[in-house]
Amino acid sequence: MKRWRRHLSTLLMLGLMLPVLLFIYAPIAWLVLSSISTRAELLAVPPHWIPEHPTLKNYRDILIPGTAVSEVARTFSVTLRNSFIVAGSTTLICLVTGSLAGYALARLRLPFRNALFMGILGVRMVPEISLVVPLYIIAARLALLNKPIVLIITYLSFALPFAIWMLSTFFESVPRELEDAALIDGSSRLGTLFRVVLPVAAPGIVSTALFTFLLAWDEFFFALIFTSTIAAKTVPVAIAEFTGRYAVDITAMMTGGVLAALPPVLLALVFQRYIVSGLSAGAIKG
Amino acid sequence: MAQATVRPPKTVSLLQFEIREGVLFLLPAVVLIFGITLFPILFTFVLSFTDTPLSNPSPQNFVGVSNYLVFLRSAQFWQAIWRTLYFTVVSVGAELLLGLGIALLIHARPPGWAFLRTSLIIPWAVPTIVNGALWRWIYNADYGALNGLLYSLGLIERYRPWLTEPMRALNLVIVADIWHSVPFIALILQAALATLPLELDEAAAVDGANAWQRFWFIRLPLLRPAILVALVIRTVEAFRVFDIIYVITQGGPAFGTVTISYLTYLESFSYGRLGSGAALSFLITLFTLFMALAYVRLLYRPEVQG
């Protein structure tokens, strides 16, 4: 009787899981299928759900410049490169300056330490729209518009407070005894941080790097306002342009979508463990 | 060095040394954060009292509080506020319920739970703009998958435009947001569930409490801090929603999905009125600071020094 009930509840849970999985995967499937369909099959009524003539032509059009396609499609691979440069640099700067600051906040006895901590937490919440007008004015004055550097700097506004917060959470969990031993042996603070704390907190560093990269990769608003040429335009802006300026170039948009989603999705899946632990550390103090 | 000859009381010098090091360690980050957030916020505040145009972006004539007054008297502003609140309450509410449900489902460890947890990561990691573009394509009036699906199932007789009616467009944008954000809440809550002490739950079970009672009286109260944190983060995010609206509806139909962030964007960069755009963004900042305060109080409990 009891076993029968357990089977029933397992069945019920599987029944609940099915619609959740369907809701997750149906749009993903449609994104990928759209990217390997010909326009004719996609625009059929109703659409061919499974393409009869699957093709990689859309990918070729977008990745190999020179073919007769729209300007956004032709320059898409450049925007991919821009996104990598911007997100990579942002992540690097955040890790270096964030490690120093996060360590100081986690370990050193400082006046105003609590106030600083709260300030950083608060800054993390400030929306981009609150900063965009002055940043635009300053960037225009300094002739920084349409350069990757303007995005790298402005992305620090949300990425750096986040990185500091996360790193300091991880540093706090490093056993103090390890550091004390190094310090007593005459190692400087900086040396201790690099030789003792960072290696022990390596999983936390990976986690922080992942989240920072994903945040920067995902960013759209600053990129939309500060860049309009392919010198610095990032992938999200290119994808938005498929829908905007041109009559919807649907296959290119979906193909671009797959390409834009691949780096973050693959990173997140490969480093899944770090994502799950990072979500709890970054959001909930562990 | 003085240190070698006259040795000052050790604790004091160590503390001073630590402070000096701390300042050096913090300096790069604090300078950056001040330069790119606090200074711009103050700048925004100043700009909001001027009529600076986009075409000549240096602070112009002082116009007092008139930028604020114009908005407080305009129907467009209040409609945008209302829409933003509707978007925030409905999307975050739905996301919380679904996310909690999914987290509990994962926690019950049915066969395939690990696959479900991994699957959640995908929509979470898909960039917001791709998410928007995808749903825009699904909702397409002439060729969209929503039309195709309903038509194939025989639920509609001909294709329909889905985004031509303001309220429906807003709700469909909410669906896209839910797809993207439920995983975030579900993943946070399932991680929190995994850390809960099981003794209470087991004790209650022994005492004859049923599953519902154990959930309502034991797990839910223990989950409260995690739920609150997820709630505050999502509320702040939803309140500033811009990206998916930009891609799916461009604020349309007939300004029907213009939220407060979108209105600020239009004001500043489409109509080129940086001054009144600054006034709007300052109002958003105030709201966010209020929420941030709640967030800080939830998250940060000062520890005893030492």
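Bear in mind that the values in this text are calculations on the coordinates, not laboratory data. This structure is a prediction, so every number in the text was calculated from the model and none was measured. Positions of Cβ are backbone-derived with ideal geometry, glycine not excepted, and every protein chain shown enters the neighbour counts.
Summary of values
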quantity: Longest site-free stretch - chain B; sites: GluC sites (Glu not before Pro), DSSP loop, at most 16 other Cβ within 10 Å; calculated: B:1-156
quantity: Orientation-averaged projected area, Cα convex hull of the protein assembly as shown (nm²); calculated: 33.3
quantity: Selected from B:Thr52, B:Trp113, A:Ser34, residue furthest toward positive end of dipole (the protein assembly as shown; charges at beta carbon); calculated: B:Trp113
quantity: Selected from B:Phe34, B:Leu24, B:Ser276, residue furthest toward positive end of dipole (chain B; charges at beta carbon); calculated: B:Leu24
quantity: Region A:59-189, dipole about Cα centre (Lys/Arg Cβ +1, Asp/Glu Cβ -1), debye to the nearest 20; calculated: 320
quantity: Relative contact order for region B:52-184, counting Cα pairs under 8 Å that sit 6 or more residues apart, in percent; calculated: 27
quantity: Chain B, relative contact order in percent, only Cα pairs under 8 angstrom and at least six apart counted; calculated: 27
quantity: Nearest-20 debye value, chain A charge dipole, Cβ charges on Lys, Arg, Asp, Glu; calculated: 600
quantity: Charge-dipole axis of the protein assembly as shown as Lys and Arg at +1 and Asp and Glu at -1 on Cβ define it, positive-most pick from A:Met118, A:Val265, A:Leu178; calculated: A:Leu178
quantity: Expected-Rg normalisation [2.2 N^0.38 Å, Cα atoms] applied to chain B; calculated: 1.32
quantity: Trypsin sites (Lys or Arg not before Pro) within region B:91-174, DSSP loop, no more than 10 other Cβ atoms inside 10 Å; calculated: B:Arg158
quantity: Within straight-line cross-link reach of A:Lys57, aspartates and glutamates at Cα separation under 17 Å, skipping those fewer than 8 residues along the same chain; calculated: A:Glu41, A:Glu71, A:Asp249
quantity: Ranking of A:Lys2, A:Lys57 by count of other Cβ atoms within 10 Å, fewest first; calculated: A:Lys2, A:Lys57
quantity: Filtered chymotrypsin sites (Phe, Trp or Tyr not before Pro), region B:38-139: DSSP coil and at most 11 other beta carbons within 10 Å; calculated: none
quantity: Cβ-Cβ FRET estimate between A:Glu71 and B:Ser270, R0 fixed at 25 Å, reported to 0.05; calculated: 0.65
quantity: Normalised per residue, the volume of the convex hull around the Cα set of chain A (Å³); calculated: 204
quantity: Contour excess over end-to-end distance, with Cα ends at B:Glu165 and B:Ser74 and 0.36 nm allotted per residue; calculated: 30.5 nm
quantity: Fluctuation leader among A:Leu131, A:Leu156, A:Leu33 - chain A, Gaussian network, Cα springs under 10 angstrom; calculated: A:Leu131
quantity: Over region A:207-281, relative contact order from alpha-carbon pairs under 8 Å, at least 6 apart, %; calculated: 40
quantity: Using alpha carbons only: equivalent-ellipsoid semi-axes of region B:60-180, gyration tensor based, whole Å; calculated: 35, 24, 13
